[in-house]
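First up is the structure itself, then whatever we jot down about it.
Taken together, the values in this text are just the output of simple stated rules run on the coordinates, not laboratory data. Fair warning: this is a prediction, and the values are worked out from it, not measured in the lab. Note: ideal-geometry Cβ built from the backbone for every residue, glycine included; neighbour counts use all protein chains shown.
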Amino acid sequence: MRTLVICSPVAGGARGAERFAACRERLQADVATAERAGHAEELARASQGYDCIIAAGGDGTVHEVANGLLSHPGLPPRLAILPLGTGNDIARNLGILDIETALAAIQGERRTRIDLVRVDLQRNGGPAVVYAVLNVGVGFGAAVVRATTVAVKRLFGQDRAYLVGTLRALAAWRSPLYRLRLDEGELSERLILLGVANGEYEGGGRMRLSPGARMDDGRLELLLIRHGSKLEVLRNLGKLPTGDHIHHRLARYQSIRRLEVAVEPEVEIAADGDVVGRTPAVIEVVPAALEVAVP
């Protein structure tokens, strides 16, 4: 079996190279280094002839590699994950909790097929298509990504970086008007948050943001938080570890397969922890899109 590792040396607050070096000899694989944003996707797109591609990095690396693999003609190679990032949420939702678990999955025989999230959005002045592995945030989610800077990750670490980013984003957020077309009808409302999830846990596994969400069930989970008191929303953040935030009076939580969204004024869209474009957008599930090595 031919295997290629696509490694991000800047993952995990620029500690990716050090973490990869510690386990490099245990992988019988070719290695390619992602040198800039978007490079991992390019390397995955060019990885013809390989049976397995290992994304060695954080959620952003996995996101780029998955997008690159989907451009392959026919069935794409199997995806494996070596978690070297800060949160590693995609890996965690697949049961890959640390490097040892990842190595066991890579060297083992267990495979599963996961859904992906297709997002038709606007980028660089025109339409584009992006695939998310775990989550899509329209508006506030992108603001959290912007606020969770490399400096924040280094200063606060995995335990608190995303909470700090969320607090910074909430302080500056102004709820715009969202116009949504759901599977069962239309909705027009000012929202603090719109998130679409393909898995249950985020924030380094510490936030059960989308209770019950699975990566292999052919559906997505939609979380809306209507406009209201920021203090009330802030208090509700304490319920994220248990998932009880979905029962708040400002929350709406449901399963979907497709969503059309327009926002006034337009807002940015984040996928798997990176800002990838702007509204308007169409978000829909792509069932069983990739084969992944799992523990």
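The alpha carbon convex hull volume per residue for the chain rounds to 121 Å³. Note on the stretch 3-109: Kirkwood radius taken over Cα pairs, Stokes-Einstein applied at 20 °C and 1.002 mPa s, translational D equal to 161 µm² s⁻¹. In the chain, a dipole from Cβ-located charges (positive for Lys and Arg, negative for Asp and Glu) runs towards its positive end, and of PHE140, GLY185, ALA17 it is PHE140 whose Cα lies farthest in that direction.
Packing here is the average count of other Cβ atoms within 10 Å per residue, and on that basis the peptides 74-82, 53-61, 183-191, highest first, run 53-61, 74-82, 183-191. Dipole magnitude for the chain: computed about the Cα centre from +1 point charges on Lys and Arg Cβ and -1 point charges on Asp and Glu Cβ, it is near 720 debye. One Cα centroid belongs to the stretch 249-290, the other to the stretch 153-213; the line between them spans 11 Å.
Panel order for CYS7, CYS52, by other beta carbons found within 10 Å of each beta carbon, from fewest to most: CYS52, CYS7.
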